[in-house]
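Worksheet: one structure, shown below.
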Amino acid sequence: MSSSVFSPAARLRGARPPWLSPKVFRTEVLAGLVVGLALIPEAISFSVIAGVDPEVGLFAACTMAMVIAFVGGRPAMISASTGAVALVVAPVAREHGLGYLIATVILAGVFQIVLGALGVAKLMRFVPRPVMVGFVNALGILLFTAQIPNLRDVPWAVYPLVAAGLLLMVFFPRITKAVPAPLVSIVVLTVITIAAGIAVPTVGDKGKLPSALPVPGLPDVPFSLHTLTVIAPYALAMALVGLMESLMTAKLVDEITDTRSDKTRESIGQGIANIVTGFFGGMGGCAMIGQTMINVKNGARTRLSTFLAGFFLLILCIVLGPVVSEIPMAALVAVMVLVSVGTFDWHSIKPATLKRLPAGETVVMVLTVAVVVATDNLSIGVVVGTVTAMVIFARRVAHLVNVTAVTDPDNTQVVYSVTGELFFASTNDLVTQFDYAGDPGKVVIDLTAAHVWDASSVAALDAVETKYTQRGKTVEIIGLNEPSARLHRTLSGELADSH
């Protein structure tokens, strides 16, 4: 097991890893089993989306989970085949075949390792809180709506089974929390449907489970420049989508568990896991938000649950395939419905909360949710929400620049004090706030309470100096802090049009 499962204090005193504690071990094993069961219908569904056989998605889920348990940066997070990745690679499988899809997955893994090494994970600091809240709420909605197809045009017995599953998961923890309520619900509903002979859709109806272990091998494609040009755009798109979903999920788990994780290691780990998955004939994937929530909500906190989720999935498919095929979909639907309700941040939509929040932050949250739900793509929603938040922030800060003038009694000098952050948005009106014609011969611009951020600000200051110089007046800029002075020295006089 990776050393990161040890706490610093435990390493210092040579203690055993926390998952070897009997209580923690039991929690991790049971949580991994629940997640392994929940992965089956999801992996099969995503295989259908990608246009490949169910075993391609199931093998991807197994290998992704088991590999990321060792190389990932976020303990207890589940990675497997996902809908977002399936949507990206579907055109490759449809137009070029399975071999090209596998090659795309391997190349995407290489891209993720490179992006991780270049520090792409650090970009997560620019995702503001309203986007995170919108991400979580959209996730809750998507998890719920994803269950609706399993409730349409089905025998009437499905509905009481789903209701029974929800009741079991709500009330069973009051009896004991030693066994995860979702696992109890799945077992009980399966026994009821088999014993009573109730005809309802089962896991087996989603697709045939594999009966043999995957064999590693190279993708069946010509190793040529043409192949590279075909798969590279899809591989890059898959790498970016996979990293964004994985890093957002890792950040969410950090907040839920009140712990920190290594995002750079997670980025590189995702790449390694996808490369291994590709060589084993899987369709690739990334962090699975829904299954991660199941894992974390059931108390899992270490890498053991992640590894066991993949391992149990493999055993369930290969060894216990006939039994697993009999699990009613109603049981898994109930689990996901409860997870969706628990995932949604209900506090964020309370009238009292909305009243206190700045209007701009509410707009960002709602827009993030709307875009995600409309596109069925969490990555697009996060990008749109983040860009919107940045625009709103820029507009807000742009109005915080203030210019005040103090003229000497003898009318020989005027001092302009500029306060605020000078950047492309805030310097648009800066040039108009000086009295070029009426000011005396010497003009001092005091930037002690300001900061120069970009070339636009330097260009604006140059424009002010030029207007005064054209009238035979001198300008002195004082009070620049070191970073501002360095930028001003580098760019001043170099930005004017040479024509």
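The values are calculated or read from the model by the stated rules, or taken from the named source; none is laboratory data. Because the structure is a prediction, the values reported are computed rather than measured. A quick note on method: Cβ atoms are made from the backbone with ideal geometry, for glycine too, and the neighbour counts reach across all protein chains shown. When the accessible area is computed, the model is the full protein with side chains, heavy atoms only, and any ligands, DNA or RNA have been set aside. Shrake-Rupley method; radii C 1.70, N 1.55, O 1.52, S 1.80 Å.
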- Apply 1/(1 + (r/R0)^6) to the Cβ-Cβ distance of Lys467 and Ala117, taking R0 = 60 Å, and write down the FRET efficiency to the nearest 0.05. 0.80
- Ranked highest first by the average count of other Cβ atoms within 10 Å around their residues, in what order do 190-201, 274-285, 413-424 fall? 274-285, 413-424, 190-201
- Give the relative contact order (percent, whole number) for the chain; include only Cα pairs under 8 Å separated by 6+ residues. 24
- Task: Any chance you could give the angle, 0 to 90 degrees and rounded to 10, that helix 359-375 forms with the longest Cα principal axis of the chain?
- Result: 40
- Does anyone have the angle between helix 263-279 and the longest principal axis of the chain? Alpha-carbon axes, 0 to 90°, nearest 10? 40
- Long-range alpha-carbon pairs in segment 97-159, meaning those over 14 Å apart, account in percent for 76
- Note on the structure: Of all DSSP beta bridges with both partners in the chain, the antiparallel percent, nearest 5, is 40
- Item | Spin-label model distance (nm) - Glu95 vs Arg26, 7 Å beyond Cα toward Cβ | 5.5
- Item | Residue-span extension gain [Val373 to Ala352] - 0.36 nm each, minus C-alpha spacing | 5.1 nm
- Message: Report the gain in length on full extension from Asp410 to Lys208: 0.36 nm times residue separation, minus Cα-Cα distance, nm rounded to one decimal.
- Response: 63.5 nm
- Task: With all protein chains present, calculate the accessible area of Ile113 using a 1.4 Å probe and round the result to the nearest 10 Å².
- Result: 50
- In percent, what relative contact order does segment 143-244 have, based on Cα pairs under 8 Å that are 6 or more apart in sequence? 20
- Message: Using only Cα atoms and rounding to the nearest 10 degrees, what angle (0 to 90) does helix 455-469 make with the longest principal axis of the chain?
- Response: 10
- Two decimals is fine: what's Rg over Rh for segment 226-383, C-alpha atoms, Kirkwood radius as Rh? 1.01
- Using Cα pairs closer than 8 Å and at least 6 residues apart in sequence, work out the relative contact order for segment 351-499, in percent. 17
- For segment 189-246, what is the convex hull (Cα atoms) projected area averaged across all directions, in square nanometres? 7.8
- Using R₀ = 35 Å, calculate the FRET efficiency as 1/(1 + (r/R₀)^6) where r is the Cβ-Cβ separation of Asp435 and Thr490; round to 0.05. 0.75
- Stokes-Einstein D for segment 439-483 (25 °C, 0.890 mPa s, Kirkwood Rh from Cα pairs), in µm²/s, comes to 219
- Note on the structure: Taking the square root of 5λ for each eigenvalue of the C-alpha gyration tensor of segment 295-420, the equivalent ellipsoid has semi-axes, largest first and in whole angstrom, of 56, 18, 14
- Item | Estimated dipole of segment 391-499 in Debye, rounded to 20 [Cβ of Lys and Arg +1, of Asp and Glu -1, Cα centre] | 160
- Hull-based mean projected area of segment 394-434, where the convex hull spans the alpha carbons, in square nanometres: 2.9
- Message: Taking 0.36 nm per residue of sequence separation and subtracting the Cα-Cα distance, how much length would be gained by fully extending the chain between Asn481 and Asp220, in nm to one decimal?
- Response: 88.0 nm
- How long are the three semi-axes of the equivalent ellipsoid for segment 290-332, computed from the Cα gyration tensor as the root of 5 times each eigenvalue, in whole Å, largest first? 22, 15, 6
- Item | Rounded accessible area of Met288 (nearest 10 Å², 1.4 Å probe) | 10
- Query: What's the Cα-based Rg to Rh of segment 149-238, Rh via Kirkwood?
  - Reply: 1.24
- Query: Shape of segment 345-499 from its Cα gyration tensor (a ≥ b ≥ c, root eigenvalues): rounded if a/c is under 1.5, otherwise prolate when a/b > b/c, or oblate?
  - Reply: prolate
